[in-house]
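Bear in mind these aren't lab numbers, they're just calculated from the coordinates by the rules spelled out. Just so it is clear, the structure is predicted and the values come from calculations on it, not from any experiment. Glycine gets a Cβ as well: all are built from the backbone with ideal geometry, and neighbour counts include every protein chain shown.
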Amino acid sequence: MITFISGRWWRWTFQKALTVFLLQIFFLTTVAQSCQSSVSCNVVLTDSQGSFTSPCYPNDYPPSQACKWTIQAPAGFIVQITFLDFELEEAHGCIYDRVVISTGTSDAKFCSLTPNELTLNSSGNVMEVSFNSDFSVQKKGFHISYKQGLFITWQALHSMFIYLLFYYKIFVYN
């Protein structure tokens, strides 16, 4: 009688454990596939402001991703991006997972942890953000906001001030 109860108990426990295990595998696979299938990461953004994220953010991004967001502003405008959240795999030289920002005149490469609220401006009316992940370690990814506008730097203000002084001296006093 004890052997029969033990055998039935083990069989019942094994069946329940196997059912739970198979349901977990199915659920995790479904979640991973739904995230990967809903990824749209080669996008041209033309709105005056907005934001975008790495695939599956705030969950871990999938392996082997190659994404590019191109932000286009009207002629005469520039693009400004701000890192709202950023966590990628850490590696010297960003050789595994990385975000590359092309501002028009230079490229900046980011990986690991990047300070929130870091802001970059384009030199023209287009900025590209590229994201690449390798096959092994995945992290949370990133959330970046962007806006278009006529942003004036101190250098531009200085140049305008010099120009106005020069103009005033030539045309007003002469």
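Worth pointing out:
- One decimal place: the segment Val100-Gln72 gains 8.4 nm when fully extended, by the rule 0.36 nm per residue minus the C-alpha distance.
- Separation in nanometres of the label points that stand 7 Å from Cα toward Cβ, at Asp107 and Val43: 2.3 nm
- Förster radius 41 Å - calculated FRET efficiency between Ser136 and Ser159, Cβ distance, rounded to 0.05: 0.30
- Taking the square roots of 5 times each eigenvalue of the Cα gyration tensor of the stretch 41-151, largest first, gives ellipsoid semi-axes of 24, 13, 12 Å.
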